[in-house]
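Each remark here refers to the structure printed beneath this line.
The values are calculated or read from the model by the stated rules, or taken from the named source; none is laboratory data. Keep in mind the model is a prediction, meaning the values are calculated, not measured. So basically every Cβ, Gly included, is an ideal-geometry build from the backbone, and we count neighbours across all protein chains shown. These accessible areas exclude ligands, DNA and RNA; they are computed on the full protein's heavy atoms, side chains included. Shrake-Rupley method; radii C 1.70, N 1.55, O 1.52, S 1.80 Å.
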Amino acid sequence: MHPRLILFDIDGTLVLTQGAGREATRLAMLDVFGTSANIETHHFGGKTDWQTLVELLAPLGITYDDVKRAMPDYNRVMGAHLERIIGQYSVMACTGTLELVDYLHQHSSALLGLVTGNVSNAAPVKLRAANFDMSHFPVGAYGDDAMNRDDLPILALTRAQRHYGHPIEPEQVVVVGDTPADVQCARALGAVAVGVMTGFATREAMEAAQPDYLLDDLTTFTAVLGL
Ligand SMILES: [Mg+2]
C-alpha cells in the first residue's frame, strides 16, 4: 500500500497557544507596519498570516503588494517575538496529538507534514512549545508562502515528493484541520479532509463544510483512517 501524506494544521488542531500567537502578531505588526490595526478583535481561525495582514491593513491603505513585499521581514520578526514571549503562555498540545504524531512518525504507512497559516518561522516555535519534535514534520507549506490557504496543500505535496523522493497522488493526502478553511483547502487539492473539534470553529460550521470525517479530537484518528 502506498503511504499516505498527513498534513496537519497547527492552531486548534495540534496546539493551543492561549493568546501567544495574537500577542506576537501584534508586536510584529507594530515593528513592520507601524500599526497593529484591529488585531484585538481579529478572527484568525483558518486564515493564513498573510491573509490576516491584508485584512487588517487594507482599511489603512496598506495594499496586498505592500504586505507581499514585507513578508520576509514579517516572518523573521514574528518568529523572533513569538520565541521571546511564548514561555509566558500555557501552550498546550491538543488532546492525543503528541501520541498520535509519535505513532505516525514510526508508522511506515504515514508521511507527515504541515499545512498551516502560520509563517514558517512561527510554526516551529509553537510546536516546540507544546513539546512536539520538529523533525517529525520535515515538509510543510506556510502562511508566508501564499495568502490563500487553498494554494498551500499543493505546495506541501510538491515539497513532500521532493523530500521523500517518490510521487504522491492527491488522493493519498489527508489534510487535518479545525476550520472550514482547512476542509476547503483539502478539496482544492483533491485530498481527504479530516475536521477536528478541538479548535476554533463551531460544530455547525464544520458540519456545513462537509469534511470526509469530523472528529471530536484526534484520539480516534488512526482508527478512523485505518492506519
Ligand atoms: Mg487551525
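Things worth noting here:
- Region 169-184: number of residues that are surrounded by 21 or more Cβ atoms within 10 Å (Cβ to Cβ), away from the ligand (no atom under 12 Å from the Cβ) and under 18 Å from Y142 (Cβ atoms): 1
- Within region 185-221, the set of residues being of a type in the set (F, W, Y) and open to solvent by less than 20 Å² (accessible area, probe 1.4 Å) comprises just one member, F221.
- One residue stands out among those in region 42-67 that are away from the ligand (no atom under 16 Å from the Cβ) and among the hydrophobic types (A, V, I, L, M, F, W, C): the one that is most open to solvent (accessible area, probe 1.4 Å), which is L60.
- Condition check for R149: without any contact (Cβ under 8 Å) to a residue 12 or more places away in the chain, basic (K, R) and either within 30 Å of R69 (Cα to Cα) or within 16 Å of the ligand (Cβ to nearest atom) (or both): no
- Here the condition is being at pLDDT below 95, of a type outside the set (S, T, N, Q) and more than 15 Å from the ligand (Cβ to nearest atom); of H166, H136, it holds for H166 alone.
To keep it simple, each residue is scored yes or no on (1) within 16 Å of the ligand (Cβ to nearest atom); (2) modelled with pLDDT under 95; (3) on the phi < 0 side of the Ramachandran plot; (4) open to solvent by 20 Å² or more (accessible area, probe 1.4 Å).
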residue	(1), (2), (3), (4)
L14	yes, no, yes, no
G34	no, no, no, yes
R69	no, no, yes, yes
T97	yes, no, yes, no
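- Residues that are among the hydroxyl-bearing types (S, T, Y), over 19 Å from T219 (Cβ atoms) and assigned to a helix (DSSP H, G or I) within region 71-114 comprise just one, Y74.
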